[in-house]
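**Q** Starting off with a structure, shown below.
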Amino acid sequence: MDFPTKLFGIVGYPLGHSMSPALHNWGFHEVDFPGVYLAWSEPEDKLTDFFNAVRTLKILGGNITIPHKVAALKLVDKVTDRAKNIGAINTYYWEGDNLCGENTDVIGFMAPLKGKKFKHALVLGAGGVSRAVLAGLKELGVPSITLANRTQEKAATLGKEFGVTVIPWDERMKPDADLIVNATSEGMKGDQVNMTPYEASALAGRTGLVYDIVYNPLETRLIREAKAAGWQVESGLTMFVEQARAGFALWTGGIEMPYEKAVEKVKHLLGL
Ligand code: ATR
């Protein structure tokens, strides 16, 4: 019997619901790569030990999730400019003898926007995901970016860091944006499923792309209303799958996790 010889894995705390192990183990099998991807639930005071173990055991790569994305940046040897700019890593991998950090959340966010041109992006929400969204929009060179968040101070802090315009939450329907990104939890399965961060009436009479980072349900109220108003739509499922594929390629020396099949796999994992 052949045993997988290459070890990968995610570290976070707590790690209850991560889909990464199931997705990457499926991906390794799919492309016939001898990897195994585990999950390590380690609190903050164990993170240094964890990265020492990565070096000692030659763990070849993996992901870093909440709450370690910022602290982990200092525990690797090298980080990409992208990761440096956003101040957080969600992926580690080796480049020769250097343990490296990358932020594939930004890559995943940008993936479906590549080759498209936008004049004005409106970002709703100022939590963790919004950081990847803003970094991605900056990297793509979107000329005008406006940020709104229910709690104004959080938007102000983030807006200053990324150099974008901040408006009050109540005024979010005013900008004539051709890209609207929902990075709030409104619309998410559970208590917020019937909520939307943007009024459907404000979508009428213009077009653009609505990108909802929420992916469960796949069709949020915002996506449904945007489609009905004739807007293009993108789901957060794309961002999730693309961030995973970017890591997978870094770990396997460029082997691609097949996109369509990965989308189906994630839908299956989510019961969608
Ligand atoms: P994530 O890591 O997914 O970004 P988060 O850091 O908890 O999650 O951020 C959640 C975002 O959804 C925040 O911008 C939050 O707004 P506040 O900063 O005001 O809390 C936003 N959010 C959650 N529920 C909301 C609601 N009912 N209306 C508007 N925004 C909401």
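The values are calculated or read from the model by the stated rules, or taken from the named source; none is laboratory data. This structure is a prediction, so every number in the text was calculated from the model and none was measured. Cβ: placed from backbone, ideal geometry, glycine included. Neighbour counts: every protein chain shown. Just the protein is used for accessible areas: all its heavy atoms, side chains included, with ligands, DNA and RNA removed. Shrake-Rupley method; radii C 1.70, N 1.55, O 1.52, S 1.80 Å.
**Q** Just to be sure I understand the model, the point goes 7 Å from the Cα along the line to the Cβ. What's the resulting residue 219 to residue 157 distance in nm?
**A** 3.8 nm
**Q** On to the next question. As an exercise, take the mean of 1/r over every pair of distinct alpha carbons in region 162-272, invert it, and state the Kirkwood radius in angstroms.
**A** One decimal place: 15.5 Å for the Kirkwood radius.
**Q** If R0 is 22 Å, what FRET efficiency do you get for residue 193 and residue 233 from their C-beta distance, rounded to 0.05? Mind showing how you got there, number by number?
**A** Values: r = 17 Å, r/R0 = 0.78.
It comes to 0.80.
**Q** Report the local net charge at residue 226: Lys and Arg +1, Asp and Glu -1, summed over other residues whose C-beta lies under 14 Å from its C-beta.
**A** Values: positive: 206, 221, 224, 227; negative: 178, 186, 199, 212, 219, 225, 234.
That works out to -3.
**Q** How much mean residue ellipticity at 222 nm does the chain get from its helices, if each DSSP H run of length 4 or more adds -39500 (n - 2.57) and you divide by all residues, to the nearest 500 deg cm²/dmol? Display every interim value, and only then the final one.
**A** Values: 9 runs with 95 residues, N = 272.
My calculation for the chain gives -10500 deg cm²/dmol from helical runs alone.
**Q** Calculate the dipole size of the chain relative to its Cα centre from +1 charges on Lys and Arg beta carbons and -1 charges on Asp and Glu beta carbons; express the result in debye to the nearest 20. Display every interim value, and only then the final one.
**A** Numbers: 29 positive and 31 negative charges, 88 e Å.
For the chain, the charge dipole is close to 420 debye.
**Q** Solvent-accessible area of residue 157, probe 1.4 Å, all protein chains present, reported in Å² to the nearest ten, please.
**A** Result for residue 157: roughly 90 Å² accessible.
**Q** What are the equivalent ellipsoid semi-axes of region 217-262, built from the alpha-carbon gyration tensor (square roots of five times its eigenvalues), in whole angstrom, biggest first?
**A** Numbers: eigenvalues 176, 14, 12 Å².
Semi-axes, largest first: 30, 8, 8 Å.
**Q** Just to compare against my own numbers: the Cα pair-distance distribution for region 168-233, 10 Å bins, whole % per bin, please.
**A** 23, 57, 19, 0
**Q** Regarding region 69-154, what are the three Cα extents along the principal axes, ordered largest first, in Å?
**A** Each principal axis gives a Cα extent; for region 69-154 these are 42, 33, 16 Å.
**Q** Here are some pairs, 6/116; 189/265; 154/261; 114/261; which of them have Cα atoms lying more than 30 Å apart in this structure?
**A** On the way: 6/116 38 Å; 189/265 19 Å; 154/261 37 Å; 114/261 21 Å.
Correct reply: 6/116; 154/261.
**Q** Just the number: Rg to Rh for region 11-138, Cα atoms, Kirkwood Rh, two decimals. All intermediate terms of the calculation are to be shown ahead of the outcome.
**A** Values: Rg = 15.6 Å, Rh = 15.8 Å.
Rg/Rh for region 11-138 comes to 0.99.
**Q** Answer rounded, prolate or oblate for region 139-193, using the Cα gyration tensor with square roots of eigenvalues a ≥ b ≥ c: rounded when a/c is under 1.5, else prolate when a/b is larger than b/c, else oblate. Intermediate results must be reported in sequence, preceding the final value.
**A** Working: a/c = 1.73, a/b = 1.45, b/c = 1.19.
Cα axes put region 139-193 in the prolate bin.
**Q** Separation of region 17-39 and region 203-272 by C-alpha centroid, Å?
**A** Region 17-39 and region 203-272 have Cα centres separated by 20 Å.
**Q** When the convex hull of the C-alpha atoms of region 126-221 is computed, what volume per residue in Å³ does it have?
**A** Working: hull volume 9.9 nm³, N = 96.
It is 103 Å³ per residue.
**Q** For the chain, report the convex hull volume of the alpha-carbon atoms normalised per residue, in Å³, without decimals. Display every interim value, and only then the final one.
**A** Numbers: hull volume 36.9 nm³, N = 272.
Residue-normalised Cα hull volume stands at 136 Å³.
**Q** Using only the Cα atoms of region 1-41, what do you get for the radius of gyration and for Dmax, in Å?
**A** 10.9, 34
**Q** Continuing with this model, one more query. In terms of the Cα gyration tensor, with a ≥ b ≥ c the square roots of its eigenvalues, is region 6-65 rounded because a/c is under 1.5, prolate because a/b exceeds b/c, or oblate?
**A** Working: a/c = 3.78, a/b = 1.42, b/c = 2.65.
Cα axes put region 6-65 in the oblate bin.
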